[in-house]
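Contents: one structure, followed by commentary.
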Amino acid sequence: MTPEQTQILASVETFLARRLPPAEIRRRDAAHVPPYDLLPEMGALGLFALAVPVPEGGLGGDWATVALVQDALGRHAYMAASIFNRVVGFGLATIRAHGSAAQRAELLPLLMAGEAFCALALTEPQAGSDAAAIRTRAVRHEGGWRINGRKTWISDAEGARWLILPARTGPEPAGARGISLFLVPTATPGLAMTRLPKVGNNCMPSFDIGLQDVDVPEDALLGEEGRGFPHMMSTLHFSRASMAATVTGAAEAALRIALAHAQEREQFGQPIGRFQAIAHRLVDMRMRVDQSRLMVRHLAQLIDQGAPCRREAAQAKIIATETLRDVADAGMQILASAGYAAESDMQRLWRDSRLYTFGEGANEVLRDSIAREMGLTTRGMA
């Protein structure tokens, strides 16, 4: 790491130790308290402005530094990493790439300061990995747009200032053509949210959203009309890189918990880590985490070079999320009853990890995408 990166990470560690000590992480998880109150301090530290060019008001850093921050956040508390990624991977990346001059001027300073964030409202009851199957529709209405439809499993929607919402504006009933992106304020009349109960990620609440005659002005359109699908695809590598770096940090945390337990827990007169079955399992966990981190850093390098990286972003997301899933599961086996206890940090990592292999693109669908880039024909996505 460069001296500047070392300094940035030191400030992140200090911030996390003060705002999210272990007892506070457990309290928030048990009470389902999201980390939105952390945003202004993250903004004051300059974390959201790291990879934004100086002419746009940012610090002009690189994605490699962002990935290091995401790894550190994920290792300490995934809740902090998830809200960081909401700002960086969804909001800043999309608005910088496709926002109008007026939208960039209004939103970028708020996002970089941690004063607001956006939630991506993509998934619908019949559209998830098949994003082109969305049915929510926007029609022109009195100088703006009227939106009707339903979105579901939208993370952090209630705390967001805006939804980045794809809707059909063309005549096509399905498919990638005729989809447009909109910036919809969450306070808009006609927009109703219902919180969805789930088994993990308690500090990242998800919502079912109904849109009934939701009227937005003409300038709510984000990017070009009818090009919402390629707009979404063009910035996906940022969100996938964000998830990969974050869950790599979480996998590191699971490994450290398991290793500490194996060194302290004694059975048959010696620490259990001295038994070959446990030692080899921990070695495999160490190798998986290191491989994931190397993939994340390779992807960050490609992003900083401006090189095409759709395949590498998909690979990094698959490798990292499956690493966390498997490392957390192995950690639960090593800790046994100690890991299954409600107050255990391992059980939180274990149940939370199950989301990421299908969140933000199911790994099976990403494998289909990689197969097509390899020139293979699959029966998956069209």
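Being crowded, with 23+ Cβ neighbours inside 10 Å, modelled with pLDDT of 95 or more and out of contact with any helix residue (DSSP H, G or I) (no Cβ under 8 Å at 6 or more places or on another chain), is that true of even one residue in region 217-226?
no
Of the conditions (1) of a type in the set (A, V, I, L, M, F, W, C); (2) assigned to a helix (DSSP H, G or I); (3) in the same structural domain as THR188 (by TED's automatic domain parsing), ALA260 clears all except one; give me its number.
Among (1) of a type in the set (A, V, I, L, M, F, W, C); (2) assigned to a helix (DSSP H, G or I); (3) in the same structural domain as THR188 (by TED's automatic domain parsing), the lone unmet condition for ALA260 is (3).
Looking at region 135-157, which of the residues that are at pLDDT 95 or above and assigned to a loop (DSSP other than H, G, I, E, B) is farthest from PRO189 (Cα to Cα)?
Result: ASP156.
Can you find a residue in region 253-271 that is basic (Lys, Arg), out of contact with any helix residue (DSSP H, G or I) (no Cβ under 6 Å at 6 or more places or on another chain) and under 30 Å from GLY61 (Cβ atoms)? Break it down stepwise before answering.
The first filter runs over region 253-271 and keeps only residues basic (Lys, Arg), leaving 256, 265.
Checking the rest, the ones that are also out of contact with any helix residue (DSSP H, G or I) (no Cβ under 6 Å at 6 or more places or on another chain) come to 256.
Now narrow it down to the ones that are under 30 Å from GLY61 (Cβ atoms): 256.
Looking for residues that are basic (Lys, Arg), out of contact with any helix residue (DSSP H, G or I) (no Cβ under 6 Å at 6 or more places or on another chain) and under 30 Å from GLY61 (Cβ atoms), one finds at least one in region 253-271, hence yes.
With the requirement that a residue be touching a Lys or Arg at 6+ places or on another chain (Cβ under 7 Å) and either on the phi > 0 side of the Ramachandran plot or among the small types (Gly, Ala, Ser) (or both), what does region 297-318 give you?
Hits for region 297-318 are ALA313, ALA314, ALA316.
Say whether the condition of being touching a residue at least 24 places away in the same chain (Cβ under 8 Å), surrounded by fewer than 23 Cβ atoms within 10 Å (Cβ to Cβ), of a type in the set (Lys, Arg) and not in a loop (DSSP other than H, G, I, E, B) is met by at least one residue in region 77-91.
Checking region 77-91: not a single residue is touching a residue at least 24 places away in the same chain (Cβ under 8 Å), surrounded by fewer than 23 Cβ atoms within 10 Å (Cβ to Cβ), of a type in the set (Lys, Arg) and not in a loop (DSSP other than H, G, I, E, B).
Only one of these is more than 14 Å from ALA250 (Cβ to Cβ), surrounded by fewer than 18 Cβ atoms within 10 Å (Cβ to Cβ) and modelled with pLDDT of 95 or more: ALA338, ALA362, ALA313. Name it.
Going through ALA338, ALA362, ALA313 in turn, the sole match is ALA338.
Rundown of residues vs (1) closer than 25 Å to SER155 by Cα; (2) at pLDDT 95 or above; (3) among the charged types (D, E, K, R), yes/no style:
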{"residue": "ARG274", "(1), (2), (3)": "no, yes, yes"}
{"residue": "ASP284", "(1), (2), (3)": "no, yes, yes"}
{"residue": "ILE303", "(1), (2), (3)": "no, yes, no"}
{"residue": "GLN347", "(1), (2), (3)": "yes, yes, no"}
{"residue": "THR357", "(1), (2), (3)": "yes, yes, no"}
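The values are calculated or read from the model by the stated rules, or taken from the named source; none is laboratory data. Quantities reported herein were computed from a predicted structural model and do not represent experimental measurements. Cβ coordinates were reconstructed from backbone atoms using ideal geometry, including for glycine residues, and neighbour counts include every protein chain displayed.
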